[in-house]
1. Would you point out the residue of the range 187-212, among those that are in a helix (DSSP H, G or I) and either without any contact (Cβ under 8 Å) to a residue 24 or more places away in the chain or in contact with a Phe, Trp or Tyr (Cβ under 8 Å, 6 or more places away or on another chain) (or both), that is farthest from N235 (Cα to Cα)?
2. Restricting to the range 356-388, what's the tally of residues that are part of a loop (DSSP other than H, G, I, E, B) and either aromatic (F, W, Y) or closer than 14 Å to K326 by Cα (or both)?
3. Of the numbered conditions (1) assigned to a helix (DSSP H, G or I); (2) modelled with pLDDT of 85 or more, K456 fails exactly one; give the number of that condition.
4. Could you tell me which of the residues L50, L63, L17, L41 is part of a helix (DSSP H, G or I), assigned by TED's automatic domain parsing to the domain that holds Q120 and under 38 Å from the mean Cα position of the chain (by Cα)?
5. Name the pairs: first residue in the range 414-438 and charged (D, E, K, R), second residue exposed (fewer than 13 other Cβ atoms within 10 Å of the Cβ) and at pLDDT 80 or above, Cβ to Cβ under 8 Å, at least 6 apart or on different chains?
6. Is it the case that some residue within the range 301-323 is more than 22 Å from G176 (Cα to Cα), among the charged types (D, E, K, R) and in the same structural domain as E243 (by TED's automatic domain parsing)?
7. Would you mind finding the one in E243, E225, E232 that is assigned by TED's automatic domain parsing to the domain that holds K182 and at pLDDT below 90?
8. Look at V277 and say whether it is closer than 25 Å to D146 by Cβ, among the β-branched types (V, I, T) and either at pLDDT 90 or above or over 33 Å from the mean Cα position of the chain (by Cα) (or both).
Amino acid sequence: MKRILIVDDDKDLRFNLSCILKEEGHEVIAASDGKQALNALAENVPDLVLLDVRLPGMDGVELLEEMKKIEKNLPIIMLTAYSDVKSAVKAMKSGAFDYITKPFDEEELILVIEKALHMQDLSREVKSLKKKLGQMPAPIEETMGDSPRIKQVLKQVEIIAATNMTVILQGESGTGKELIAKMIHEKSLRKDKPFIAIDSGAIPDTLVESELFGYEKGAFTGAEERKDGKFEQANGGTLFFDEITNLSNSIQMKLLRAVQERKFQHLGGKKDISVDVRIIVATNISLSEAVRTGKFRDDLFHRLNEFHIDLPPLRERKEDLPILIKYFLDGANRDLNRKVEDFSGEAMRFLLDYHWPGNVRELKNVIKRAVLLADSKEITLDCLSLNNGNQPIQSHLQFDTSTSKEGVSLKTMKGNATKQIEETMIKEALTKAGGNKTKAARILKIDRMTLYSKIKEFQIK
């Protein structure tokens with residue numbers, strides 16, 4: 001419910017407008033002249049003002065200018081007769097949101113009001129977010145935030161860091177598993193020793209054993225000198241296996257011995273080598289499920305599963321987005337030597353509403369690309385969507401693929417597809433709502449202003 005001030009010396013018009021607005025669910029206050037209007041404004045600033053151009057004493061344009069001195073961002077819609085259009089244009093230059101000529105169409109009036117209120121809400125939301133972003137300190141790590149889910153993760157990190165227990169980190173790609181592993185290491189007594197990360201899927205099977213355990217001179221063709229493996233390099237510190245399910249069964253077996261006994265042999269060697277290494281592993285699938293399907297050894301799983309941390313996807317902790325957006329914006333500005341300050345209302349809305357299948361990593365990349373593409377100090381929606389392979393709305397449509405000799409552009413097809421989706425959804429919503437546009441807007445989860453515009457665009461009867 002919004003609070004709307006009507007300023008008009010016509011008693012009947014004030015009454016009729018009040019009835020219309022109350023039916024729309026708004027609170028209405030009324031004033032017959034400038035003095036009453038300013039008093040009402042001083043008591044409680046409304047969300048919107050309907051202001052007649054012609055008023056006794058102080059005229060509407062003068063009153064608008066006075067109101068703007070009190071509340072700069074207050075949306076004001078001018079009510080004017082055809083003969084006063086010139087005055088309305090003057091009012092627009094003084095900061096009026098729009099004007100409506102008398103006698104006005106009810107639906108047109110509601111449409112303009114909804115548009116003004118929508119813009120006001122968006123402006124307030126963006127202002128609030130900017131304030132929030134400005135107050136928030138940059139996070140120490142990319143995956144940090146203030147949500148209950150991430151707070152639980154950080155609490156678990158604090159608990160486990162002080163021990164030597166083996167840790168399994170489970171979460172979707174891009175949720176920051178390596179970052180959490182580094183946090184555990186940095187908070188442990190091993191922080192002054194090496195942190196060695198291994199991408200289990202990036203090393204060819206033929207080289208995994210020598211990379212992990214090292215080799216002796218002459219162990220194989222090309223082994224011209226002795227080389228330490230990752231276990232020795234990480235001695236005293238932490239060894240992190242990313243996507244551990246990519247390791248072959250034979251390597252899993254050798255890894256089990258090394259983890260259990262804290263000793264191993266070089267490839268081509270006969271002497272046991274003892275090490276003191278903490279093991280942290282990461283996976284984007286359930287290790288217990290991998291055991292069940294035979295992809296992962298049962299004995300190795302139980303040896304590693306001393307402590308388990310689940311990392312939530314970004315879509316389940318969207319309250320962390322403002323912190324992360326600010327953090328990545330600052331980082332991208334530093335990396336690219338840019339000075340982008342903020343986001344447009346539409347761009348910010350996209351960032352907050354998008355489901356982020358690539359999680360924190362995707363958010364970071366989208367913002368960095370947007371900073372690079374921005375041609376002003378503000379990031380627009382176009383900067384976020386350009387070359388973005390993930391669309392916020394996924395749809396499956398059947399297209400008529402027959403084309404002319406010249407063919408049809410992908411851009412045109414994409415635009416037509418979007419319109420087809422919108423038109424179909426609006427028609428279905430109107431049918432469900434029995435033609436009631438207010439109910440249809442609620443079904444579609446859009447404001448009525450947008451619905452009226454789409455109905456007009458698609459010429460829906």
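1. T206
2. 1
3. The failed condition is (2).
4. L41
5. As it stands, the answer is E423/I460; K427/I460, since those pairs meet every condition given.
6. Scanning the range 301-323, I find at least one residue that is more than 22 Å from G176 (Cα to Cα), among the charged types (D, E, K, R) and in the same structural domain as E243 (by TED's automatic domain parsing), so the answer is yes.
7. When all the criteria are applied, what remains is E225.
8. No; evaluated as a whole, the condition is false for this residue.
The values are calculated or read from the model by the stated rules, or taken from the named source; none is laboratory data. For clarity, every value in this text was computed on a predicted model and none was experimentally measured. Here the Cβ is made from the backbone with ideal geometry for all residues, glycine too, and neighbour counts use every protein chain on show.
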